[in-house]
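What follows draws every value from the coordinates through simple rules; no lab data is involved. In this text the structure is predicted, and so the values were computed from the model without any measurement. Reconstructed Cβ throughout: ideal geometry from the backbone, glycine too, with neighbour counts over all protein chains shown.
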Amino acid sequence: MTPSEATPSERMLLIGMYDSPFVRRVAIALDLLGLPFAHRDWSVGKDFDRIRAYSPLGRVPVLAPADGEPLAESMMILEHLDDLVGPERALMPPPGAPRRAALRILAFATGAIEKGIQINSEWIFRPPDKRHPPYVERCRVQMRGALSELEKICAAAGEREWLVGDRMSLVDISLACFVTYIREGVREPFEAFPALAARVDRCEALPVFRRYHAPFEPPKADGGAA
């Protein structure tokens, strides 16, 4: 299927596997916003060429609307979704102090997941004699530094239901998706981050999070699963 072949019932087409935290957060956002979409569970390994028909980067997620060019990169997709639903329903707070608070949390969460993915890439794609333990350790220090800041934020929030504002936002969605990947994919222990772990567990218990959870499958260096 190419972008032009999407049927009217497939108003949006989300491409990518749900074991990707970036694909997963887009799926959860679409669901929460009540935006219907079709899903293609395509791997960046074995389905690389099919993905590149929508995005030359060959990366996921990709969101292909019925009318218009496909969008790549999850944050750009999420900004587009907020534009579609308008400021009253948007998942990011409006400009001002709440938005700055949201951006600060998202920066730490994004930094943590990026370092987690770099750790995995070193072990998955490099042969043992080519791995560089000091680089992996540096990434781990950076990841844990970001997780420590998120732990402080979650501890300060206490029993408040959501981290920013009075309803679920992109902050809560991203935090849960990213931390779950780090726990399951990187297998980072979370004894040092009890408040963070507890908040993520509360999100992961919600039906909308369970609907789009897939066990992490390590990509194969030969281009198999991804």
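Miscellaneous remarks
- Cα gyration tensor category, rounded, prolate or oblate, for the chain with a/c compared to 1.5: oblate
- Cα gyration tensor, the range 70-162 - rounded (a/c under 1.5), prolate or oblate: oblate
- For the range 140-169, backbone nitrogen atoms closer than 15 Å to the point 7 Å from Ala198 Cα along Cα-to-C-beta are found at 151-163.
- Helix runs (DSSP H) in the chain reaching 20 Å along axis by Cα, Kyte-Doolittle at least 0.0: 97-125
- Restricting the range 71-103 to GluC sites (Glu not before Pro) that sit in a DSSP loop and have at most 10 other Cβ atoms within 10 Å of their own Cβ leaves Glu88.
- Residue exposure sequence - Arg99, Arg40, Arg24 - by fewest surrounding Cβ within 10 Å: Arg99, Arg40, Arg24
- FRET E, pair Leu84, Arg50, Förster distance 45 Å, beta-carbon r, rounded to 0.05: 0.95
- Working from label points 7 Å from Cα in the Cα-to-Cβ sense, the Thr110 to Arg126 distance is 2.5 nm.
- Among the GluC sites (Glu not before Pro) in the range 114-159, those located in a DSSP loop and surrounded by at most 15 other Cβ atoms within 10 Å of their own Cβ are Glu159.
- Highest-MSF residue in the chain out of Leu33, Leu71, Leu206 [GNM, Cα springs under 10 Å]: Leu206
- Note on the range 87-138 and the range 181-202: Cα centroid distance 14 Å, given to the nearest whole angstrom.
- Spin-label model, Ala214/Arg138: points 7 Å from Cα along the beta carbon direction are separated by 3.3 nm.
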